[in-house]
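Notes to accompany the following structure.
The values are calculated or read from the model by the stated rules, or taken from the named source; none is laboratory data. Bear in mind the structure is a predicted one, so any value in this text is a computation, not a measurement. Because the Cβ atoms are built from the backbone with ideal geometry, glycine has one as well, and the counts that use them run over all protein chains shown. Side chains included, ligands, DNA and RNA excluded: accessible areas come from the protein's heavy atoms. Shrake-Rupley method; radii C 1.70, N 1.55, O 1.52, S 1.80 Å.
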Amino acid sequence: KMSKSLGNVFTVDQIAEAVGGEALRFFCVSHHYRSPVDFDVQVVDGVARFFSLEAADRSLPGFYTTLQRIDQFIAQGGDAGDGAVMPEAESLVPTATAALAEDFNAPEVVAAMHGAAKLANKLLDEGKGVDKQVRRRTLARLGRDLRAVGCAIGVFTQDPAAYLRERRERLVKAKKIDVAAVEQQLGERKAARAEKNFQRADEIRRELAAMGVELLD
């Protein structure tokens, strides 16, 4: 049961402040609208934790990072114009269109977007055995189609860099991370690595991880 007297009623504004509005939309479309939905929320030390939505919030950055990588790749050498693309890249829009026409099967659309993003990352990371121009056209196509299909279900509507920056700032605030202290530790770690003091460098990595900071070299 949910009621204000029980203190388990939460507004959309509260949810948006905690995980972002787009995570809520992504969570909703990841479930069929006629299916039961487990909404996991707990109040920890007086603060509401929306665990189900936090999982959705962790999925979105993967898509936005892929879109950002595609944009950067295309910006460096162009989209190769009109022409053939890899057959696997042609299925996203038809699949999404058919799924939405079939009783608004949004979860199938989400699954198709995951497949398209996986293909894009594979081409960005490797691209072996694929003609360079076909590779460029395929990545450009995947970027356009991911945005078009995402927009149809209310996601991927922001600039990737802006979204990733705003999400990081929200998490920093929520976790009460001292950015200056993190920067200092990063400087110490850089110096430790330069001195080949890898034990200290690993210690700093673990200290940052305990704070909720992931370090990518």
Scan the range 120-153 for residues that are of a type in the set (D, E, K, R) and in a helix (DSSP H, G or I) and jot them down.
K122, D125, K132, R135, R136, R137, R141, R144, D145, R147
Complete set of residues in the range 122-152 that are crowded, with 20+ Cβ neighbours inside 10 Å and of a type in the set (S, T, N, Q)
T138
Would you mind stating whether A174 is at pLDDT below 95 and either at positive phi or of a type in the set (A, V, I, L, M) (or both)?
yes
With F50, F27 as the choices, which residue is in contact (Cβ under 8 Å) with a residue 40 or more places away in the chain, hydrophobic (A, V, I, L, M, F, W, C) and open to solvent by less than 70 Å² (accessible area, probe 1.4 Å)?
F50
Just give me the residues in the range 11-57 being closer than 27 Å to A152 by Cβ, outside any strand (DSSP E or B) and among the aromatic types (F, W, Y), in sequence order.
F26, F27, Y33, F39
Can you work out which of the residues in the range 154-172 that are in contact (Cβ under 8 Å) with a residue 12 or more places away in the chain, farther than 16 Å from L216 by Cβ and of a type in the set (D, E, K, R) is least open to solvent (accessible area, probe 1.4 Å)?
R170
In the range 154-173, the residues that are more than 22 Å from I15 (Cβ to Cβ) and part of a loop (DSSP other than H, G, I, E, B):
D159
Sort out which residues of the range 94-121 are surrounded by fewer than 18 Cβ atoms within 10 Å (Cβ to Cβ) and closer than 10 Å to V149 by Cβ, and write them in order of number.
T97, L100
Might you check whether a residue that is assigned to a helix (DSSP H, G or I), exposed (fewer than 15 other Cβ atoms within 10 Å of the Cβ) and not β-branched (V, I, T) occurs anywhere in the range 66-73?
yes
I'd like to check something: does the range 46-55 contain any residue that is of a type in the set (V, I, T) and at pLDDT 95 or above?
no
In the range 173-211, residues that are within 27 Å of L60 (Cβ to Cβ) and open to solvent by less than 40 Å² (accessible area, probe 1.4 Å) total 3
Is there a residue in the range 174-181 that is part of a helix (DSSP H, G or I), among the β-branched types (V, I, T) and within 23 Å of the chain's Cα centre (by Cα)?
yes
